[in-house]
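This report refers to the structure that appears directly beneath it.
The values are calculated or read from the model by the stated rules, or taken from the named source; none is laboratory data. Everything numeric in this text was worked out from a predicted model, so none of it was measured. We place every Cβ from the backbone using ideal geometry, glycine too, and count neighbours over all the protein chains shown. Heavy atoms of the whole protein, side chains included, go into the accessibility calculation; ligands, DNA and RNA do not. Shrake-Rupley method; radii C 1.70, N 1.55, O 1.52, S 1.80 Å.
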Amino acid sequence: MDRRPLGKTGLQLTPIGFGAFKIGRNEGIKYPSQYDLPDERTATDLLNTVLDLGINYIDTAPAYGVSEERIGRAIGHRREDVILGTKVGETFTEGRSMYDFTASAIRAGIQRSLRRLRTDRIDIVFVHAHGSDVAILEETDVAATLQSMRDEGSVRAIGFSGKTTAAAALAITWADVLMIEYHLE
């Protein structure tokens, strides 16, 4: 599959990526109906098939339940075949999302993600913002912390995954990548 440059990051991504939410979380969801999570073998087969088909971008987050752990177990041995994107700021524990955008929480979150994903680097780290995304950017140290971690080398590129165009406009001043929703309807 062809790869395309992702802005000025130096990363080459396939035009199609794999979102790993549904291999890790099925409670507290926004989908209209419940679904079962795949078992470990099915998740492993799925992730390896994604890579075998030439897709090289996998998106996950701590808020996606056990997704990061499953990715690490299933394809950690294929690290050079994949561009990994994860997020900071939101975790999902005991059936509910919790948010923390402090510098210490961001640094600890990235360390946990590195362990879960079984890697020494994360290619793209996004701020996982809720509806108050402008306040997150204006009132916390999340952007400065991510910039520092990128400069230190544990993160290759940083980005913002938010809810409003106002926050995206703020993030474009420091982010390498923006993740925006797109709906055909």
Meets criteria (over 17 Å from the mean Cα position of the chain (by Cα) and within 19 Å of Val155 (Cα to Cα)) for Lys87: no
Which residues, counting only those in region 108-131, are small (Gly, Ala, Ser) and either at pLDDT below 95 or more than 16 Å from Glu90 (Cα to Cα) (or both)? Ala129, Gly131
Which ones in region 151-168 are buried (at least 16 other Cβ atoms within 10 Å of the Cβ) and free of Cβ contacts under 8 Å to residues at least 24 places away in the same chain? Ala168
Would you check if there is a residue in region 52-62 being more than 22 Å from Met179 (Cα to Cα) and either assigned to a helix (DSSP H, G or I) or modelled with pLDDT under 95 (or both)? yes
I'd like to verify a number: residues in region 1-59 that are aliphatic (A, V, I, L, M), closer than 18 Å to Arg79 by Cβ and over 20 Å from the mean Cα position of the chain (by Cα), how many? 1
For region 60-106, name all the residues that are among the polar types (S, T, N, Q) and either in contact with a Cys (Cβ under 9 Å, 6 or more places away or on another chain) or closer than 23 Å to Pro38 by Cα (or both). Thr60, Ser67, Thr86, Thr91, Thr93, Ser97
Select from region 1-38 the residues that are of a type in the set (Phe, Trp, Tyr) and in contact (Cβ under 8 Å) with a residue 12 or more places away in the chain and write down the one among them that is nearest to Phe92 (Cα to Cα). Phe21
Go through (1) out of contact with any His (no Cβ under 8 Å at 6 or more places or on another chain); (2) open to solvent by less than 60 Å² (accessible area, probe 1.4 Å); (3) among the hydrophobic types (A, V, I, L, M, F, W, C) and name the single condition Ala61 misses. (1)
Picking from Thr145, Thr119, the residue that is hydroxyl-bearing (Ser, Thr, Tyr), over 20 Å from Arg25 (Cβ atoms), over 12 Å from the mean Cα position of the chain (by Cα) and part of a loop (DSSP other than H, G, I, E, B) would be Thr119
May I ask you to list the residues in region 76-127 that are under 20 Å from Glu138 (Cα atoms), of a type outside the set (Asp, Glu) and surrounded by 20 or more Cβ atoms within 10 Å (Cβ to Cβ)? Lys87, Val88, Gly89, Phe101, Ile106, Val125, Phe126, Val127
